[in-house]
1. Please enumerate the residues belonging to the stretch 245-265 that are surrounded by 14 or more Cβ atoms within 10 Å (Cβ to Cβ) and of a type outside the set (D, E, K, R).
2. Collect the residues in the stretch 226-253 that are touching a strand residue (DSSP E or B) at 6+ places or on another chain (Cβ under 6 Å) and either over 15 Å from Ile283 (Cα atoms) or part of a helix (DSSP H, G or I) (or both), keeping them in residue-number order.
3. Mind checking whether some residue in the stretch 435-449 is within 16 Å of the ligand (Cβ to nearest atom), open to solvent by less than 30 Å² (accessible area, probe 1.4 Å) and closer than 23 Å to Phe63 by Cα?
4. Report yes if Arg514 is away from the ligand (no atom under 13 Å from the Cβ), out of contact with any strand residue (DSSP E or B) (no Cβ under 8 Å at 6 or more places or on another chain) and within 20 Å of Phe243 (Cα to Cα), otherwise no.
5. Among the residues of the stretch 79-87, is any of a type in the set (S, T, N, Q) and in the same structural domain as Ile9 (by TED's automatic domain parsing)?
6. Does Arg493 qualify as being assigned by TED's automatic domain parsing to the domain that holds Arg519, part of a helix (DSSP H, G or I) and within 16 Å of the ligand (Cβ to nearest atom)?
7. Any chance you could count how many residues in the stretch 188-207 are within 14 Å of the ligand (Cβ to nearest atom) and in a strand (DSSP E or B)?
Amino acid sequence: MFDFDCIIIGAGISGMYQLMRLRELGLKVRVFEAGTGVGGTWYWNRYPGARFDSESYSYGYSFSQELLDEWTWSEHFAGQPETLRYLNHVADRFDLRRDIQFNSRVSAAHYSDATRSWDVTLEDGSRYSTRFLITAIGPLSAPTMPKIAGVESFTGRSFHTARWPKDPVSFEGKRVAVIGTGATGVQTIQEVAKTVGHLTVFQRTPNWCAPLHNSKITDEEQRQIKASYPEIFARCQETFACFLHTPDPRGTFEVPEAEREAFWEKLYGERGFGIWQGNFRDILLDRKANKALSDFVAKKIRQRVTDQAVAEKLIPRNHGFGTRRVPLETRYYEVYNQPNVRLVDIKETPIERITAGGIKTNDAEYAFDIIIYATGFDAITGSFDRIDIRGAGGLRLKDKWKAGPQTYLGVLVEDFPNMMMLIGPHTALGNIPRSIEYNVDWVTRLIAHAQRNGVTRLEATAAGVKSWTDHVKSLGEGLLSNEVDSWMTGINRNVDGKSERIVARYSGSAPAYRERCDRVAADGFKELSLK
Ligand code: NA7
């Protein structure tokens, strides 16, 4: 009756796994993917230095023991090329490509109540009907260029980090500019600095960065990792945000000062997100605790940067440690000790325009061969906004979410029947593949339930959406991160209408999220409207 039982938009980590699970139900599924290959985030973000900040062995898929046994991560935090190879391996191993249509960007999806189905249109005008629609479009997939005059006039080469070319770009002997110092900018800067002729970093807001401490996985470590996958994933299931790290139960000031400093020293010297996710339980809630930790990290920055005027510029003043996403780095601060690297604070000297030859601030004109825009994404809702999604009665999702997203469990939206979102707004982010696997399994259970019971129209109720949205908002209260502008609070001043903070993500614990969703499923999805 329809072209497909289910259309999935996106062949990243979530779309690939969802395809596998729906095949098991015997459904006819098609994945539409804008890129020429699988991998989503890891397909698009091939900028120099792109790398995991979560331990590789906690990040890969956990659903297949054979896959775990046969894949060998080479580093504690794998670089993008290795991750993309991994995802291609998964696609081959599970024969996924036969149901994925590449080079196919979805431009519109309209629901029809008469047929209880979705009409999906691709950019080339082709159209397909489907009972169910699943968005697997990621929270960070709509890159944004800065609103700066003259971007088009630059005659050298320029790239947004999330649209990096497949062919290598050489920086040798080149004058390179990087705009943006988020997690992406930091990774890019430290890599480009290794070979560049001269590098200029344009920083608007410094971020609190911490050392990644990456290394190759030794044979002995490899043996241990492979033998302990069940424990690794069990641990991820227990922790707050599915990382290997989880908050220390002590409050910052319950611990004597010397011990506190020693604990922070230890965390600063350890791999990964421990200093952010494995710190005292109150560092992201208590202003004084947060200030004490921020002072500790500021001291580290001052120690690592030779020129103290530059160090002061690299220390954030408008937010505390961990209240924005913490970029993990490898000799990032030392980059600024190189004679061929310059930091321009554009709060002091704003960029006026991009010129044919470079960048003009209000006090100087800089010449460049290459400009790199590490300016981030229209996060969380941006990837939805770019598709003309219309639900029952022609209601636009963009209008529905004008004042911020409203969802049921982050998966369903009232008035948008038969549409399910993977890692949509109001879901747990954290160690994303762990959240993805849960999300996909839950959606699969819902579709199986619909199949078994002859349900052809499933929808969140108004009460269900209100209760979940209120819950998500209340969880965000008191969090210092919700008092700060960042992509996590929905701010992107390069996009019209995105300058007011919203509560866009679920900030409770992942175990609590799963418990809530499990209850709904165990209860036969009675909280939904099923017809
Ligand atoms: P982010 O974290 O949103 O960072 C974007 C950076 O670009 C940030 O430093 C911005 O400064 C800067 N930016 C954005 N627009 C401008 C303009 N117009 N002028 C100057 N500077 C600008 O994106 P990332 O890609 O680094 O990271 C996103 C997530 O991907 C990351 O958290 C990981 O989870 C993976 P601002 O801070 O707004 O002043």
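1. So in the stretch 245-265, the residues surrounded by 14 or more Cβ atoms within 10 Å (Cβ to Cβ) come out as 245-248, 250-253, 255, 260-261, 263-264.
Selection gives His245, Thr246, Pro247, Gly251, Thr252, Phe253, Val255, Phe263, Trp264.
2. Within the stretch 226-253, just Thr252 meets the criteria.
3. From the stretch 435-449, those within 16 Å of the ligand (Cβ to nearest atom) are 435-436; that's our starting set.
Next cut, open to solvent by less than 30 Å² (accessible area, probe 1.4 Å) only: 435-436.
Subsequent filtering for residues that are closer than 23 Å to Phe63 by Cα retains 435-436.
Within the stretch 435-449, one or more residues are within 16 Å of the ligand (Cβ to nearest atom), open to solvent by less than 30 Å² (accessible area, probe 1.4 Å) and closer than 23 Å to Phe63 by Cα.
4. Working: away from the ligand (no atom under 13 Å from the Cβ): yes; out of contact with any strand residue (DSSP E or B) (no Cβ under 8 Å at 6 or more places or on another chain): yes; within 20 Å of Phe243 (Cα to Cα): yes.
It is true that Arg514 is away from the ligand (no atom under 13 Å from the Cβ), out of contact with any strand residue (DSSP E or B) (no Cβ under 8 Å at 6 or more places or on another chain) and within 20 Å of Phe243 (Cα to Cα).
5. Within the stretch 79-87, the subset of a type in the set (S, T, N, Q) is 80, 83.
From the residues that got through so far, the ones that are in the same structural domain as Ile9 (by TED's automatic domain parsing) too are none.
So far as the stretch 79-87 goes, no, none of its residues is of a type in the set (S, T, N, Q) and in the same structural domain as Ile9 (by TED's automatic domain parsing).
6. Details: assigned by TED's automatic domain parsing to the domain that holds Arg519: yes; part of a helix (DSSP H, G or I): no; within 16 Å of the ligand (Cβ to nearest atom): yes.
Spelling it out, it is not the case that Arg493 is assigned by TED's automatic domain parsing to the domain that holds Arg519, part of a helix (DSSP H, G or I) and within 16 Å of the ligand (Cβ to nearest atom).
7. Within the stretch 188-207, the first condition is being within 14 Å of the ligand (Cβ to nearest atom), and the residues that meet it are 188-191, 200-207.
Still in the list and also in a strand (DSSP E or B): 200-203.
Matching residues across the stretch 188-207 total 4.
To keep it simple, each residue is scored yes or no on (1) at pLDDT below 95; (2) farther than 16 Å from Thr461 by Cβ.
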{"residue": "Ile491", "(1), (2)": "no, yes"}
{"residue": "Asn494", "(1), (2)": "no, yes"}
{"residue": "Gly497", "(1), (2)": "yes, yes"}
{"residue": "Val503", "(1), (2)": "yes, yes"}
{"residue": "Ser509", "(1), (2)": "no, yes"}
{"residue": "Arg514", "(1), (2)": "no, yes"}
{"residue": "Asp518", "(1), (2)": "no, yes"}
{"residue": "Ala522", "(1), (2)": "no, yes"}
{"residue": "Leu530", "(1), (2)": "no, no"}
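The values are calculated or read from the model by the stated rules, or taken from the named source; none is laboratory data. Keep in mind it's a predicted model, so treat the numbers as computed, not measured. All Cβ positions, even for glycine, are placed from backbone atoms using ideal geometry, and neighbour counts span all protein chains on display. Ligands, DNA and RNA are stripped out before the accessible areas are found, and what is left, the full protein with its side chains, is counted by its heavy atoms. Shrake-Rupley method; radii C 1.70, N 1.55, O 1.52, S 1.80 Å.
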